[in-house]
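Enquirer: Below is the structure I would like to discuss, written out as structure tokens.
Nothing in this text is a laboratory measurement; each read-out follows from the coordinates by a stated rule. Every value quoted in this text rests on a predicted model; they were computed, and no experiment measured them. Glycine also receives a Cβ, built like all others from the backbone with ideal geometry; neighbour counts cover every protein chain displayed.
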Ligand SMILES: [Zn+2]
């Protein structure tokens, strides 16, 4: 009993003793009278044990469902977080430039993604694909290695301590904010990687592999997908996210991977 600690320990012990006396008294009254061959003390103990089992079972069955629901939710979130962290670490390409806070940031990022089903589905969609993620201070970019006929691989350059501040003109009127946390900006890059690796034919129809910059049409499609993703995420967690129509903006230092 976690509650039986400190000053409440004696109270708890007395409560248990009082309960035991009550159970014993009731047990001795309703004990099986046909079992006269057993001594009265043994009959009381036997019936008392039965009472405790019945009372315990009914208490468990009448427990508020929310408790079981919360425990189940915590377990599934913990499993999802471990799964997200495993994927992020498998995709991560360590370099000597990795920030000291990187492992801590990856853990927080995994927890953030795990709690948002749409983000988790996006991350899981690129698990095991030809994708690498690597640290690059002050940069968010997805580089795709491809020929005119085939996408070979993608690399996301990511700074977990840089947030994106977009220009007001690029944000839609109903946007609650024009700033995106490093975590949400990372999701934007995941959308680029997902488009290149999972829908390669369409990607190659809109992107020239030799070009270092994505054409307007491709970027517009990714930003449209980002609006859908952010709208669904904000509907679930009420966190403000930018709803935008363009890429214009700048990166600014962030205190944490989920800060804006
Ligand atoms: Zn983009």
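Enquirer: What ranking do 188-196, 219-227 get when scored by the average of other Cβ atoms within 10 Å per residue, highest first?
Expert: 188-196, 219-227
Enquirer: Starting with the fewest neighbours, write out 175, 245 ranked by other beta-carbon atoms found within 10 Å of each beta-carbon. Write out the running numbers ahead of the final one.
Expert: Working: 175 19, 245 15.
Sorted ascending by nearby Cβ count, the order is 245, 175.
Enquirer: List the residues of segment 145-169 whose backbone N lies under 12 Å from a point placed 7 Å from the Cα of residue 93 along the Cα-to-Cβ direction.
Expert: Once the point is set 7 Å along Cα→Cβ of residue 93, 145, 153-158 turn out to lie under 12 Å by backbone N, inside segment 145-169.
Enquirer: Taking 30 Å as R0, compute the FRET efficiency from the Cβ-Cβ separation of residue 132 and residue 245 and round it to 0.05. Could the numbers behind the result be given before it?
Expert: Working: r = 30 Å, r/R0 = 0.99.
E(calc), rounded to 0.05, equals 0.50.
Enquirer: Go ahead and run the numbers for FRET between residue 150 and residue 71, Cβ-Cβ distance against an R0 of 35 Å, rounding to 0.05.
Expert: 0.15
Enquirer: Another one. Decide, for segment 74-253, between rounded, prolate and oblate: order the square roots of the alpha carbon gyration tensor eigenvalues as a ≥ b ≥ c, take rounded if a/c falls under 1.5, and otherwise choose prolate if a/b is larger than b/c, else oblate. Kindly include the intermediate steps, with their values, before the conclusion.
Expert: On the way: a/c = 1.38, a/b = 1.07, b/c = 1.29.
Verdict is rounded for segment 74-253.
Enquirer: Here is a further query. What distance in nm separates the two pseudo spin-label positions at residue 220 and residue 201, each 7 Å out from Cα along the beta-carbon direction?
Expert: 2.3 nm
Enquirer: How would segment 91-138 be classified by its alpha-carbon gyration tensor: rounded, prolate or oblate, with rounded meaning a/c under 1.5 and the a/b versus b/c comparison settling the rest? Provide the component values of the computation, followed by the final result.
Expert: Working: a/c = 2.81, a/b = 1.41, b/c = 2.00.
Oblate, because a/c is 1.5 or more while a/b does not exceed b/c.
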